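Before any comments, here is the structure.
The values are calculated or read from the model by the stated rules, or taken from the named source; none is laboratory data. Every value quoted in this text rests on a predicted model; they were computed, and no experiment measured them. Quick reminder, even Gly has a Cβ in these numbers, built from the backbone with ideal geometry, and neighbours come from all protein chains shown. Please note that ligands, DNA and RNA were not included when accessible areas were found on the heavy atoms of the full protein model with its side chains. Shrake-Rupley method; radii C 1.70, N 1.55, O 1.52, S 1.80 Å.
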Amino acid sequence: MKDVEYPLRAGYVALLDGLTVGGKSIKVFDLIAPKPEETPYIIIDGIVPISNNTKDDFNSEVTVDLVIYTSYKGDFGGRKEADLIANAVLKLIIPTPGKSGVSATGFNVYMAKQVGSNNELDYSVTKRTYRKRVTIEHFIQEL
């Protein structure tokens, strides 16, 4: 059995690299963005494989958390931008119902579905930072 995390993370980076939404380039980072990084950007926050092996195959159900960051000055803004980025990301990851737009070297990625979403807002003296977490589930089989 092989670890799917790196190949799947690389597949996400390859798929999302070069994404542009509303004329803005959206960067993708693994776990943390370099400081100071201007928003908007996406963090691949966590990949959790759950083994579903049979006596003949190495299978996993894998969840991937993506966190979209936007920020703004003042009292309003950022949420719509995060929603638009999430829509663009989901169209790439799930191009048609049940299908996966993500690939992982050494694995078949059979499906993708959104299984969760969460929104948070951080306040600071100079700006508001909006975070939208999107959780995707994949069924993956080792080749």
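Testing V89 on (1) buried (at least 21 other Cβ atoms within 10 Å of the Cβ); (2) of a type in the set (A, V, I, L, M); (3) in a strand (DSSP E or B), one condition comes back false. Which one is that?
Of the numbered conditions (1) buried (at least 21 other Cβ atoms within 10 Å of the Cβ); (2) of a type in the set (A, V, I, L, M); (3) in a strand (DSSP E or B), the odd one out for V89 is (3).
Could you please let me know if L84 is within 18 Å of F139 (Cα to Cα), in a helix (DSSP H, G or I) and either in contact with a Leu (Cβ under 7 Å, 6 or more places away or on another chain) or open to solvent by 40 Å² or more (accessible area, probe 1.4 Å) (or both)? Steps first, answer last, please.
Working: within 18 Å of F139 (Cα to Cα): no; in a helix (DSSP H, G or I): yes; either in contact with a Leu (Cβ under 7 Å, 6 or more places away or on another chain) or open to solvent by 40 Å² or more (accessible area, probe 1.4 Å) (or both): yes.
No.
Each row is one residue, and each column tells you yes or no for (1) touching a helix residue (DSSP H, G or I) at 6+ places or on another chain (Cβ under 6 Å); (2) assigned to a strand (DSSP E or B); (3) among the polar types (S, T, N, Q); (4) at pLDDT 90 or above.
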residue	(1), (2), (3), (4)
S60	no, yes, yes, no
T70	yes, yes, yes, yes
G74	no, no, no, no
G101	yes, no, no, yes
G116	no, yes, no, yes
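Pairs please, first residue from region 106-128 and more than 24 Å from K91 (Cα to Cα), second anywhere and among the hydrophobic types (A, V, I, L, M, F, W, C) and surrounded by 11 or more Cβ atoms within 10 Å (Cβ to Cβ), Cβ atoms under 6 Å, 6+ apart in sequence or on different chains.
Matching pairs, first to second residue: none at all.
Look through V13, V48, V28 and report the one residue that is β-branched (V, I, T), outside any strand (DSSP E or B) and touching a strand residue (DSSP E or B) at 6+ places or on another chain (Cβ under 8 Å).
Values: V48 fails: outside any strand (DSSP E or B); V28 fails: outside any strand (DSSP E or B).
Criteria check complete, one pass: V13.
Condition first: over 22 Å from K132 (Cα atoms) and surrounded by 15 or more Cβ atoms within 10 Å (Cβ to Cβ). Now tell me which residues in region 92-107 satisfy that.
Once the filter is applied, which keeps residues that are over 22 Å from K132 (Cα atoms) and surrounded by 15 or more Cβ atoms within 10 Å (Cβ to Cβ), region 92-107 yields S103, A104, F107.
Can you tell me which residue within region 118-143, out of those that are among the aliphatic types (A, V, I, L, M) and outside any strand (DSSP E or B), is modelled with the lowest pLDDT? Talk me through it step by step, then tell me what you get.
Of region 118-143, the ones among the aliphatic types (A, V, I, L, M) are 121, 125, 134, 136, 140, 143.
Then drop every residue that is not outside any strand (DSSP E or B), which leaves 125, 143.
Details: V125: 78, L143: 88.
Of everything passing the filter in region 118-143, V125 is modelled with the lowest pLDDT.
Take the residues of region 4-55 that are without any contact (Cβ under 8 Å) to a residue 40 or more places away in the chain and of a type in the set (D, E): which is least open to solvent (accessible area, probe 1.4 Å)?
Across region 4-55, the extreme among qualifying residues is E37.
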